[in-house]
Every structure is written in C-alpha cells, then in structure tokens.
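Presented below is the structure to which this report refers.
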Amino acid sequence: MTPKVAVGANGTMAVSWTYQDASLQGQKVQVAVKPAGATSWRGYTLASFTPGGVAITCSVPVAIDASGNVTAAWNVWDGTRNVVQAATLPAGSNTWSATSTLSSRLSGQEHDGLYFSLAVNAAGDAGVAYSLSPYSTYSTGTAAFYVSRNGTDGSWSTPEQISETLMSWEGYVVSPQVGLDVNGFATIIYMGNSLEATRELSNGSWTPPNTIVQSSVSGASYMSADLAVDNNGDALVALSIFDPTVNVDRASVWVTQGNAVGNWTPQLCITDPSVPVDAYATRVAVSPDGTLKMVG
C-alpha cells in the first residue's frame, strides 16, 4: 500500500511501501533499493507490527542524498501509540542502520505521531516533521513537531514543537511537510485553521507560524498541499481549495512563494475559478538552483 519512490543524483533508486498480510493482522514496512550501476533490486523489511488504534494507512517516505545513502521514515503501532521511526542504508552496504525512534525522545512525552514527512538534502542532512494524533490528543490539543539529523551519520535531535497548539474545539494541526535547503535548514508547512508555514533560521530559531494560504469562503475545503524547497531556502507551495458556494462547487489552485528568512508572497490563484473545471491533486517541484519552478 501507499508506495513511494526516490531517485538519487548518482542513480540510486528506492521504492517503499507498507505491506499487509492476507489475515489483515500484520503489517510490514518494506523498501527495495537498486544501487547506482546495479542491475537488480534488493528488498528489505525494516519493521513489522500488528495494526491498532485508528486504522490509518501511512506511507513510508524515502529519500536519497547525493552519495546514494537511502533514508526511510515510517510509523508503527506499539500497542499504545503510533511511533515515528527512521533508518538509513549507507551507499555500498546491504545493512541498514539501527532504527531510530524519533517521536519519543522527550523525557516523559511519548508522542502519538501521525501524518509525517521526510526530507533529505544532497549532503545527507535529514528532517522529519510529524503531528500529534487528533484521536489520542483530543483533550490536550494537536501540534506539529520537527526532528533533524546533521549528515548521514549524525544523531537525531529531540522533537521540537514548531506550530501552535490547537485544542479540539479550535481545530487540528495535521499533515506537516518539510523541505531542506543546502545548509540543512528547514521550511515546514502544515494545516491548521488555514495553510501555515514556519522557517528555520540560520541562528537555529524559527519564524512564528504564518498563514500563507487561506480562503475567505465559508465552508471551503483545503486539499493536497505540496511543498518544494531549493538549495537557497526559497520555497514553492501549492494548494487546492474547494469553493462550496452554490453554482460554484469547484476547486481552484493557489500558490505562494517563501524565502530563506520566512517571508511569503501574497497567495495567487493560478486557475480560472469561473471555468467549470475542478483542479485537484496539486504538486510542485523546483530545480536545486531555483531557476525552474513547476506546479501541477
């Protein structure tokens, strides 16, 4: 289920997925890797677990740095909560690193982590963003957290809260996405009561959460937000917004661009809302030097 693919600059390829057995009682986190210059794929099982809690099928984000090191992130149900984990396959090796548990590294705080994303830059710096499960934190509120690693061999940091906390009667913080620049500094977007963003600055601090795309239409739905970050820390974001107004009933695509210090351009609608065509499933891409940007 939910396959993902990554291709490194040196030609290393990886495909990841979640496998569910025929009894529906067991799941496995699996990755297949084809090293640069190789003619065949090799498969690995990184984790096995029995599903539980709220039945949400999560993907296994996978990314490859310029040297061909493969990093994967996933979550498993430990009987109480969803635990976010990660491991790395060094280039030229058939043995993955020891699994790192990312969401339970704060003393006394065992996070129930859902809706996570992974980013790796060319140097092997990595970042994982996740949000607290709204199903287990209904009374304490949801927020987005960030964990990072310097280089392929670095240790993962303790989780840092990078969003506001929303209580259940206010809404939920969900679906964070992260992108890294060439220096390993992160831009993170997430859904709160609108699409919000925060940027990691060179001094290690974060910009305050900033609304970057928001609809003025009552009852509008936000869908398929996507983020891309270039080497300079400039970001491109796209979002589909459904307008439920009578005689409209269609979605339009909105974009905004951010820079390395966390400033964002005014949101811009790039589809024609007067044309009776829905525009969904937004995706963005940028070239490493930032000279080419694409929205689909």
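The values are calculated or read from the model by the stated rules, or taken from the named source; none is laboratory data. Everything numeric in this text was worked out from a predicted model, so none of it was measured. Please note: Cβ atoms are built from the backbone with ideal geometry, for glycine as well, and neighbour counts cover all protein chains shown.
Computed values, structure above
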{"quantity": "Failed criterion for T271 (all others in (1) surrounded by 14 or more Cβ atoms within 10 Å (Cβ to Cβ); (2) at pLDDT 95 or above hold)", "calculated": "(2)"}
{"quantity": "Qualifying residue in the range 150-168 (condition: farther than 18 Å from V76 by Cα, surrounded by 15 or more Cβ atoms within 10 Å (Cβ to Cβ), in contact with an Asp or Glu (Cβ under 8 Å, 6 or more places away or on another chain) and touching a residue at least 60 places away in the same chain (Cβ under 8 Å))", "calculated": "yes"}
{"quantity": "The range 247-268 - residue that is part of a loop (DSSP other than H, G, I, E, B) and β-branched (V, I, T) and, of those, surrounded by the fewest Cβ atoms within 10 Å (Cβ to Cβ)", "calculated": "V261"}
{"quantity": "Answer residue from the range 11-22, given it is assigned to a loop (DSSP other than H, G, I, E, B) and modelled with pLDDT under 95 and is surrounded by the most Cβ atoms within 10 Å (Cβ to Cβ) among those", "calculated": "D21"}
{"quantity": "Within the range 274-287, considering residues that are in a loop (DSSP other than H, G, I, E, B) and of a type outside the set (S, T, Y), the one surrounded by the most Cβ atoms within 10 Å (Cβ to Cβ)", "calculated": "A279"}
{"quantity": "Residue check, V174 in contact (Cβ under 8 Å) with a residue 60 or more places away in the chain and buried (at least 23 other Cβ atoms within 10 Å of the Cβ)", "calculated": "no"}
{"quantity": "Sole exception among (1) within 16 Å of R81 (Cβ to Cβ); (2) at pLDDT below 95 for E170, by number", "calculated": "(1)"}
{"quantity": "Those residues of the range 23-77 which are surrounded by 18 or more Cβ atoms within 10 Å (Cβ to Cβ), outside any strand (DSSP E or B), free of Cβ contacts under 8 Å to residues at least 60 places away in the same chain and among the small types (G, A, S), in sequence order", "calculated": "S59"}
{"quantity": "Of all residues making up the range 194-237, the number that are more than 17 Å from S287 (Cα to Cα), under 18 Å from the mean Cα position of the chain (by Cα) and assigned to a loop (DSSP other than H, G, I, E, B)", "calculated": "2"}
{"quantity": "Matching residues, the range 78-115, being aliphatic (A, V, I, L, M), over 17 Å from S59 (Cα atoms) and part of a loop (DSSP other than H, G, I, E, B)", "calculated": "A91, A98"}
{"quantity": "Some residue of the range 116-126 being at pLDDT 95 or above, touching a Pro at 6+ places or on another chain (Cβ under 7 Å) and part of a loop (DSSP other than H, G, I, E, B)", "calculated": "no"}
{"quantity": "Conditions (1) outside the structural domain of I64 (by TED's automatic domain parsing); (2) at pLDDT 95 or above: number failed by P176", "calculated": "(1)"}
{"quantity": "Pairs, first not assigned by TED's automatic domain parsing to the domain that holds T282 in the range 244-260, second at pLDDT below 95 and surrounded by fewer than 18 Cβ atoms within 10 Å (Cβ to Cβ), C-beta under 7 Å, six or more apart", "calculated": "none"}
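Residue-wise test of (1) among the hydroxyl-bearing types (S, T, Y); (2) touching a Leu at 6+ places or on another chain (Cβ under 7 Å); (3) more than 30 Å from G68 (Cα to Cα).
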position: S139; (1), (2), (3): yes, no, yes
position: E160; (1), (2), (3): no, no, no
position: E170; (1), (2), (3): no, no, yes
position: S202; (1), (2), (3): yes, no, no
